Structure formats: C-alpha cells, structure tokens
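Below is one structure; the comments refer to it alone.
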Amino acid sequence: MLRGIASGTVDFALTDPPYVVRYADRAGRQVRGDASTEWIDAAFSELYRVLKENSYCVSFYGWSQAQYFLYAWRKAGFRLAGHFVWSKDYASSQRLVAYRHEQAYLLVKGSPRKPAVILPDVLAWQYSHNRLHPTQKPVSALAPLVLAFSNPGDLVLDPFCGSGSSLVAAKFLGRRYLGVEIDSEHAATAEERLRQIHE
C-alpha cells in the first residue's frame, strides 16, 4: 500500500507496528505480522520516502526487538531525535519484571522546524481496555503527538493503524489522515470509529 503513495506527500507519520514478539492477549487475540522481522526494513524505507522533507515520525516499538527497528530506521534515513515513555498504573504483563510502560522513538527526516508544543519525554497513559484491538493505544496518548508534530490540515499517516486510534486523534485535531491496516476486521473498526466522529 505504501508503494502506491506519492513520494514526499505525508506531513507526519504516527504508527504502532507489530512488536515482533508473537503477542497474544488474555483472550488469545494476536496481531498479524507479529511473528517475522522481514517486513520492517521495507516498511520504514517506504515510510521515509512518502514523508515530506523536514518532517517527523513517531513510531512505537517492542523493546525486546529494538535492534531490528533501530537498524531499519537508520537504514531508511531517519535520524533519532527523541524518545517517549508512557507510564502505566498497571502491568501489561509480568515475567521477570512487571511491564508498566510503553515507548516510542521520535524520528526525523531532514531538519524539521522545532515543534510549537514541546512535550515531556515521560507522559501519562490511560488504559483503553483493548476492546477494539489486542494492542489498542488510547487516543489520549496519541493526540499530544499529533498536536506537537503536525499542523491543522496536514496529512497524518499510520501504515499500521489497527483500530484507528491515531486517525481518530488526527481527525479530532483537524488533520487529514490516511491509515493502512492488513487485518480487514480492524480496518472496518477504524472506518466505523472515524465515521462516528461529528455525526
């Protein structure tokens, strides 16, 4: 799908790709593409291509597979410019430690202007209960990113949009949006959520 988007047409990318951890939630729901790293380099190469010069991208990632993402981002041409951590008041899972955070990198293409809103690198997280997707991100966590790194009317792209939380945040904030989702059920959920806004 990304290959069909013209180069240099996207103002900001915000995405939560599969973490490549073979994730399954308590109900057994899984995430397509979460078993292989083969797609990572090509996906971020295309994402870099479609972004305008001097623009931002924020990508969540799985900490246990960070090396694959860091390699792909740098290979594509992105420069690492910041790192966000969302602190949770609950543990997503518990093995050797209780995992109580999410994380994402701020990536840049070129030399974008300083954002109008300077966000702290540690932010609050509101539990979405994952009703619509096994790894559903809360709109409240994504909206500050859209606000800081894009402008009204800009095109926000999420090539792994899941149930559409990033697109909902973009629409609420007056941005145009484009989402890609490999799972047809989640794509339908995202479309329905967007349709219900301002109806």
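The numbers here are math on the coordinates, done by the rules we state, and not lab data. Keep in mind it's a predicted model, so treat the numbers as computed, not measured. Glycine also receives a Cβ, built like all others from the backbone with ideal geometry; neighbour counts cover every protein chain displayed.
Can you put LYS88, LYS114 in order of Cβ neighbours within 10 angstrom, beginning with the fewest?
The order, fewest Cβ neighbours first, is LYS114, LYS88.
Mean sequence separation of contacting Cα pairs (under 8 Å, at least six apart), scaled by the length of the chain, corresponds to a relative contact order of 22 percent. Footprinting exposure proxy ranking of GLU191, GLU53, fewest other C-beta atoms within 10 angstrom first, gives GLU53, GLU191. Using only alpha-carbon positions in the range 145-191, the gyration tensor eigenvalues give semi-axes of 20, 9, 8 Å once each is multiplied by 5 and square-rooted (largest first).
Using a 10 Å cut-off around each Cβ, can you sort LYS75, LYS137, LYS171 from fewest to most neighbouring Cβ atoms?
Starting with the residue having the fewest Cβ neighbours, the order is LYS75, LYS171, LYS137.
Only one residue of VAL97, VAL117, LEU70 has its Cα farthest out toward the positive end of the dipole of the range 2-196, where Lys and Arg carry +1 and Asp and Glu -1 on Cβ, and that residue is VAL117. What you get for the range 2-196, charging only the Cβ of Lys and Arg (+1) and of Asp and Glu (-1), is a dipole of about 280 debye around the Cα centre. Which residues in the range 94-125 place their backbone N less than 18 Å from a point set 7 Å from the Cα of ASN151 along the Cα-to-Cβ direction? The answer is 109-118.
Positive end of the charge dipole of the chain (Lys, Arg +1 and Asp, Glu -1 on Cβ, about the Cα centre): tell me which of SER163, ALA187, ASN151 has its Cα farthest that way. It is ASN151, whose Cα lies furthest towards the positive end. Reducing the range 126-189 and the range 35-114 to their Cα centroids gives an inter-centroid distance of 16 Å. For the chain, the share of DSSP beta bridges that are antiparallel, to the nearest 5, is 55%.
What FRET efficiency, computed as 1/(1 + (r/R0)^6) with R0 = 41 Å and r the Cβ-Cβ distance, is obtained for ASP89 and GLN67, rounded to the nearest 0.05?
Rounded to the nearest 0.05, the efficiency is 0.90.
Computed from phi, the 3J(HN,Hα) profile of the range 7-19 under the Karplus parametrisation 6.51, -1.76, 1.60 (θ = phi - 60°) reads 5, x, 10, 9, 7, 7, 10, 9, 8, 10, x, x, 8 Hz, with x in place of Gly and Pro. Over the chain, what portion of Cα pair distances is larger than 24 Å, expressed as a whole percent? Roughly 36 percent, once rounded to a whole number.
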